[in-house]
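A.B. asks: Please find one structure pasted underneath; my questions will follow.
Read-outs: derived from the displayed coordinates by stated rules, not from any lab. In this text, all values refer to a predicted model and were calculated from it rather than measured experimentally. Cβ: placed from backbone, ideal geometry, glycine included. Neighbour counts: every protein chain shown.
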Amino acid sequence: MDKQEQFLQERDAHLKMVEVFITNGVTVFSNHYFSGNIYLVEKYKADKLIDEGNAIKISFPQLDSIEKKLEARVDKLEKDIEKLISNQRLTYDAKSEARQDLINQADQELKEMNKSYMFWIDELIKDEKNKSIDFNSKSDYNHDKLEEKVGIIISEIEMSFSFDDAIRKLEDHLEFIDEPTSIRLLSKFTIIKDILMKKGRNIQGLSRKISGVYNKIKDSSQNKMQEQATVKFRMLQAIKEKKEHYTAIPRKFHHIKGKRY
């Protein structure tokens, strides 16, 4: 392989389109990507988004398998039609009728595969939802003690002499807080937000700083498995919404259906 050929192969690899799910809204190469959305981007952009922790490559074995079957079926249809059109023994009308039969058969099979795809999305959503279920459904804890701990934290924030002091006290608690307490604290965040808004009314970028506090409490309220399950759940919901609108059937099929010979 000469240098020119190697260069072209590497360039094509970088430009290959990859589907990613954005976990954190970010601007990359002058393009802004919104959190919770799916984007089809060039591999070099996908790599940067993923490496910086702002995106996840979309890949679920069950769904990937069906997508490959969908693509293979469309490729087979294309080859069957090309073979049919090149048959010199058939008239134009015969070719048109046979072509439509091939399309109709493929259409039925693709729709069945699409149903299977949507079924598996729902199954995966249920699975990830179960993994990210609130700890309350499966953990034993003392409700009164929990309320007492959260009440003390909120009281300390309220009694702080400044916004920065309130943040420091909250962060000190978050360093050693357990999941049940942090989840309960998260449920009380509207109270915390009101306190911080009053203490920081003259601070620039107040909303951004309070959002940062919320995210810290949220991060401490989930273990790694719950966090990953939550992200996968959001990703699957986004995939389902997209496929309900466009279906999982490759666009190439619609191009073949509309092509004139």
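A.B. asks: Counting only other residues whose beta carbon sits under 14 Å from that of Asn202, what net charge do I get with K and R as +1, D and E as -1?
C.D. replies: With Lys, Arg at +1 and Asp, Glu at -1, the neighbours total +3.
A.B. asks: At q = 0.16, 0.17 Å⁻¹, work out log10 I(q)/I(0) for the chain with the Debye formula, treating every Cα as an identical point scatterer and leaving solvent out; two decimals please.
C.D. replies: -1.23, -1.29
A.B. asks: So, one more: For every helix of n ≥ 4 consecutive DSSP H residues, a contribution of -39,500 (n - 2.57) applies; sum these over the chain, divide by its total residues, and give [θ] at 222 nm rounded to the nearest 500 deg cm²/dmol.
C.D. replies: -23500 deg cm²/dmol
A.B. asks: Taking trypsin sites (Lys or Arg not before Pro) as candidate sites, keep only those in a DSSP loop with at most 16 other Cβ atoms within 10 Å, then name the longest stretch of the chain containing none of them.
C.D. replies: Counting at most 16 other Cβ atoms within 10 Å as exposed, the longest clean stretch of the chain is 17-88.
A.B. asks: Something else about it: Running a GNM on the chain with Cα contacts under 10 Å, which residue among Ile81, Ile56, Ile125 ends up with the highest mean-square fluctuation?
C.D. replies: Sorting by GNM fluctuation, first place goes to Ile81.
A.B. asks: By how many nm would the segment from Leu206 to Glu175 lengthen if fully extended, with 0.36 nm per residue of separation less the alpha-carbon distance?
C.D. replies: Taking Leu206 through Glu175 to full extension adds about 8.9 nm, to one decimal.
A.B. asks: Placing unit charges on C-beta atoms (Lys and Arg positive, Asp and Glu negative, everything else neutral), compute the dipole magnitude of segment 136-221 about its Cα centre in debye, rounded to 20.
C.D. replies: That gives a dipole near 480 debye.
A.B. asks: Let me have the relative contact order for the chain, percent, based on Cα pairs under 8 Å that are six or more residues apart.
C.D. replies: Computed value for the chain: 20 percent relative contact order.
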